[in-house]
Structure formats: structure tokens, C-alpha cells
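The next block holds one structure in the form of C-alpha cells; read it before the comments.
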Amino acid sequence: MERERLNFDSFRSKFRMSIQNPLRLLNLAGKSLLTEEALAISTLEYLPIELFPPLFMEAFWGRHRKILKALVQAWPFVRLPLGGLMQTPHLVTLQAVLDGLDVLLTQKDRPR
């Protein structure tokens, strides 16, 4: 009985660990992508949609204005929740987001 419990506890800890790894992997991939601006912009159409929100936040807080503008233009979701970001003093960064929205609104063919 004790041995079965140890095996179950070991399995449970491994399972819990594997659930957390994809989130870490996505964050690492996003940070790595932000180090190469041209690469980040050119690969947006191929990125999995799960990477967009963390990449957007990393780009916003890291003040990667060109990547932010391109992210907004390629945003795969119906909504882009900006409410919490509007209270930030990064006006130049917010301007990049708004520029991306402006370009997106003028496009006839929407990405994704």
C-alpha cells in the first residue's frame, strides 16, 4: 500500500511539472523571438496563437514598438484587451499599439 502511494505521488509530481513546462517554454520562445526584431515580424503569420498574448506583453513591457505594431496587425483574436495598459506611462509604446490598430482598420484583407 505504501509503495503504491509513493508511485502515485511520483506520478502526480511529474504530471504537475509537465503541465507547467509549456507555459515556460512559450515565455522563453517569446523572449528569444523579441531579441531579433526582423525575425519576429517576419514570422508572426506562422506563430501558434498561444504565443500571441505572452509575446504581446513581453513586447509591450520591453518597449519593442515595431514588433508591437506588427503584433497588433496580425492579432488572431477577436478582442485585444488594452484597458489595463492604458494606465501606463509608456505613451510611445501605446502609440505603437494604436498605430498597429490604425493599419489593421484600413486593411481590406484581415490576417488569419
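Criterion first (modelled with pLDDT under 75, assigned to a helix (DSSP H, G or I) and not aliphatic (A, V, I, L, M)) does R112 satisfy it?
no
What are the residues in region 63-102 that are within 22 Å of E36 (Cα to Cα) and among the basic types (K, R), if any?
Residues satisfying the conditions are R63, R65, K66, K69.
Identify the residue in region 41-89 that is among the basic types (K, R) and not in a helix (DSSP H, G or I) and, among all such residues, is farthest from L25 (Cα to Cα).
Going through the qualifying residues, I end up with R79.
Every residue, every condition in (1) surrounded by fewer than 16 Cβ atoms within 10 Å (Cβ to Cβ); (2) at pLDDT 50 or above, yes or no:
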site	(1), (2)
F11	yes, no
L28	yes, yes
L34	no, yes
A38	yes, yes
I41	no, yes
E45	yes, yes
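Determine whether A70 is over 12 Å from the mean Cα position of the chain (by Cα) and modelled with pLDDT of 85 or more.
Yes.
The values are calculated or read from the model by the stated rules, or taken from the named source; none is laboratory data. From a predicted model like this one, the values you see are computed outputs, not experimental measurements. Counting neighbours? That spans all protein chains shown, and the Cβs are built from the backbone with ideal geometry, glycine included.
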